[in-house]
Amino acid sequence: MPASPRTARAINDRLALRLLQERGPLTAAQLKELTGLSRPTVADLVERLQGAGLIGVVGEAGAERRGPNAKVYGIAADLAYLAALDVRTMGVAVVVSDLLGATLAEASLPIDETGGTEIAVERAVVLLEETARSAGARALHSVGIGAPGLIDPSTGELRDSGGLPAWHRRLVAALRKELPATVLVENETNLAAVAERRAGAARDREDFVLLWLGHGVGAAVLLDGRLRRGASGGAGELGFLPVPGTSGLPSAVDCEGGFHALASSQAIVELGAEHGLSAPAEPGAGPAGEGVVRAAVESGATAFLDALADRLALAVAATAAVLDPGCVVLGGEIGCAGGPELARRVEERVAAISPLRTQVRAGELGGGAVLRGALLAAQEAAQDALFPSES
């Protein structure tokens with residue numbers, strides 16, 4: 001059954017908007033070529049989208065040819081303002097952007113619960129509000145939050161985790177109460193994987209696993225281009241993975257006996273000390289293990305890099321045996337610091353112990369991947385709400 005004229009218009013509008021998102025500003029002639037639509041149809045949709053305030057003229061093209069210049073159309077960036085939060089154990093980072101994702105303002109703040117949970121939540125909310133004001137954002141349309149811990153797949157809520165501060169869970173509810181905005185929350189490692197796929201080391205991959213190496217460890221699974229969260233939202237909790245080389249086994253409430261004991265930032269610092277490597281801890285800096293790994297790469301400390309690669313290969317090989325993703329990205333601050341030197345070593349070791357061919361790549365976005373992914377989530381939510389539906 002052919003689509004009704006109204007549905008056909010919505011499909012054409014959505015197609016044009018997606019092209020403008022992906023390729024940037026375009027002329028009507030370029031839209032005609034890319035969509036395959038007729039000239040009158042393109043003229044109608046451009047007029048319709050302009051009238052709705054979704055696009056506008058952002059320039060002219062064709063100055064080098066004779067005749068009038070062609071108008072260049074782009075999405076109205078100020079149609080909505082977005083925000084992203086990276087919520088860590090001891091602080092929060094915020095970025096505010098326009099609808100196209102261009103950063104307008106950013107800030108960060110250390111937060112603890114010494115003054116109580118409510119004060120910690122209030123400080124985070126105020127930070128977001130002040131950052132939005134400094135960006136000139138009249139109101140926020142969508143807010144994406146990346147947080148450690150499990151996200152309940154049935155409710156989308158951050159689940160109670162004994163090892164995480166109480167203000168993390170309260171923050172989401174507080175923002176939903178204070179802001180007339182859509183507030184989304186997702187596991188930080190999942191958001192980092194989305195960002196690495198969109199703009200980082202996994203741009204060419206539909207299937208891959210991101211091994212997050214920061215203060216703690218974790219993983220995100222993308223298969224067929226989709227995040228796989230698991231039945232309880234716990235897919236990728238590699239910190240609890242039982243592996244050789246630890247003093248015991250993990251428990252249901254403590255990952256110290258699992259892979260966490262070999263690859264957390266603290267474990268890497270201790271491994272570095274065994275090899276005569278150290279990195280000064282700086283207030284507000286990333287995990288201390290990042291500095292150790294960076295120092296090892298810069299100084300050519302092969303023995304340390306080999307020892308760390310031996311550890312990381314255990315988790316990568318286990319992941320390959322269960323999921324066979326074909327590619328594992330070493331993400332987070334530490335994975336990025338290790339770069340190709342560490343990734344190559346891990347890949348060689350995995351090839352020796354696993355029959356499944358697995359590429360190992362260094363992440364490109366580091367710790368900033370969480371904010372990038374949270375902003376992408378907010379952008380997608382806003383565009384879905386503002387742009388015409390295909391159905």
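The values are calculated or read from the model by the stated rules, or taken from the named source; none is laboratory data. Just so we're clear, the structure is a prediction, and the values are computed from it rather than from any experiment. Here Cβ is always computed from backbone atoms with ideal geometry, including for glycine, and neighbour counts include all displayed protein chains. With ligands, DNA and RNA removed, areas are computed over all heavy atoms of the protein, side chains included. Shrake-Rupley method; radii C 1.70, N 1.55, O 1.52, S 1.80 Å.
Tally up the residues in segment 120-145 that are among the hydroxyl-bearing types (Ser, Thr, Tyr), in a strand (DSSP E or B) and open to solvent by 10 Å² or more (accessible area, probe 1.4 Å), please. Spell out how you get there, then give the answer.
Taking segment 120-145 as the starting set, the residues that turn out to be among the hydroxyl-bearing types (Ser, Thr, Tyr) are 131, 134, 142.
Next, from what is left, pick out any that are in a strand (DSSP E or B): 142.
Next, only the ones that are open to solvent by 10 Å² or more (accessible area, probe 1.4 Å) stay: none.
So the answer is 0.
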Open item on the list: Step by step: first the residues of segment 96-114, then only those that are out of contact with any Pro (no Cβ under 6 Å at 6 or more places or on another chain) and farther than 30 Å from ILE75 by Cβ, then the one that is surrounded by the fewest Cβ atoms within 10 Å (Cβ to Cβ). Which residue is that?
Closed with: THR114
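Within segment 51-71, can one find any residue that is assigned to a strand (DSSP E or B), surrounded by 21 or more Cβ atoms within 10 Å (Cβ to Cβ) and at pLDDT below 95? Steps first, please.
Step one: list which residues in segment 51-71 are assigned to a strand (DSSP E or B), which gives 55-61, 70-71.
Filter again for surrounded by 21 or more Cβ atoms within 10 Å (Cβ to Cβ), leaving 55.
When the remaining residues are screened for being at pLDDT below 95, the result is 55.
Checked against the condition, which is being assigned to a strand (DSSP E or B), surrounded by 21 or more Cβ atoms within 10 Å (Cβ to Cβ) and at pLDDT below 95, segment 51-71 yields at least one hit.
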TODO: Scan VAL292, VAL322, VAL316 and give me the residue that is touching a Gly at 6+ places or on another chain (Cβ under 7 Å) and either of a type outside the set (S, T, N, Q) or open to solvent by 30 Å² or more (accessible area, probe 1.4 Å) (or both).
DONE: VAL292
- [ ] Any chance you could count how many residues in segment 187-241 are outside any loop (DSSP other than H, G, I, E, B) and more than 21 Å from ILE334 (Cβ to Cβ)?
- [x] 4
Task: Residue list for segment 298-313, filter: out of contact with any Leu (no Cβ under 7 Å at 6 or more places or on another chain), surrounded by fewer than 21 Cβ atoms within 10 Å (Cβ to Cβ) and not acidic (Asp, Glu) - done: SER299, GLY300, THR302, ALA303
- [ ] Say whether the condition of being more than 18 Å from SER264 (Cα to Cα), open to solvent by 40 Å² or more (accessible area, probe 1.4 Å), out of contact with any strand residue (DSSP E or B) (no Cβ under 6 Å at 6 or more places or on another chain) and of a type in the set (Lys, Arg) is met by at least one residue in segment 330-346.
- [x] yes
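Residues to consider are VAL316, VAL322, VAL370; find the one that is under 20 Å from the mean Cα position of the chain (by Cα), within 23 Å of GLU188 (Cα to Cα), modelled with pLDDT of 95 or more and not in a loop (DSSP other than H, G, I, E, B).
Details: VAL316 fails: under 20 Å from the mean Cα position of the chain (by Cα); VAL322 fails: under 20 Å from the mean Cα position of the chain (by Cα).
The unique qualifying residue is VAL370.
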- [ ] For residues that are assigned to a loop (DSSP other than H, G, I, E, B) and either aromatic (Phe, Trp, Tyr) or open to solvent by less than 40 Å² (accessible area, probe 1.4 Å) (or both), tally how many sit in segment 242-285.
- [x] 11
Open item on the list: Condition first: in contact with a Phe, Trp or Tyr (Cβ under 9 Å, 6 or more places away or on another chain) and open to solvent by 80 Å² or more (accessible area, probe 1.4 Å). Now tell me which residues in segment 1-24 satisfy that.
Closed with: ARG18
Task: Subset of segment 146-185 [outside any helix (DSSP H, G or I) and in contact with a helix residue (DSSP H, G or I) (Cβ under 6 Å, 6 or more places away or on another chain)] - done: GLY146, ALA147, PRO148, LEU158, THR182, VAL183, LEU184, VAL185
Open item on the list: Among the residues in segment 374-386, are any without any contact (Cβ under 8 Å) to a residue 12 or more places away in the chain, of a type outside the set (S, T, N, Q) and within 17 Å of ALA192 (Cβ to Cβ)?
Closed with: yes
Open item on the list: Exactly one condition in (1) without any contact (Cβ under 8 Å) to a residue 24 or more places away in the chain; (2) within 19 Å of PHE387 (Cα to Cα); (3) of a type in the set (D, E, K, R); (4) surrounded by 15 or more Cβ atoms within 10 Å (Cβ to Cβ) is false for LYS32; which is it?
Closed with: (2)
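Identify, from the list THR155, THR117, the residue that is polar (S, T, N, Q) and either within 21 Å of ALA381 (Cα to Cα) or surrounded by 22 or more Cβ atoms within 10 Å (Cβ to Cβ) (or both). Spell out the reasoning first.
On the way: THR117 fails: either within 21 Å of ALA381 (Cα to Cα) or surrounded by 22 or more Cβ atoms within 10 Å (Cβ to Cβ) (or both).
None of the others qualify; the one that does is THR155.
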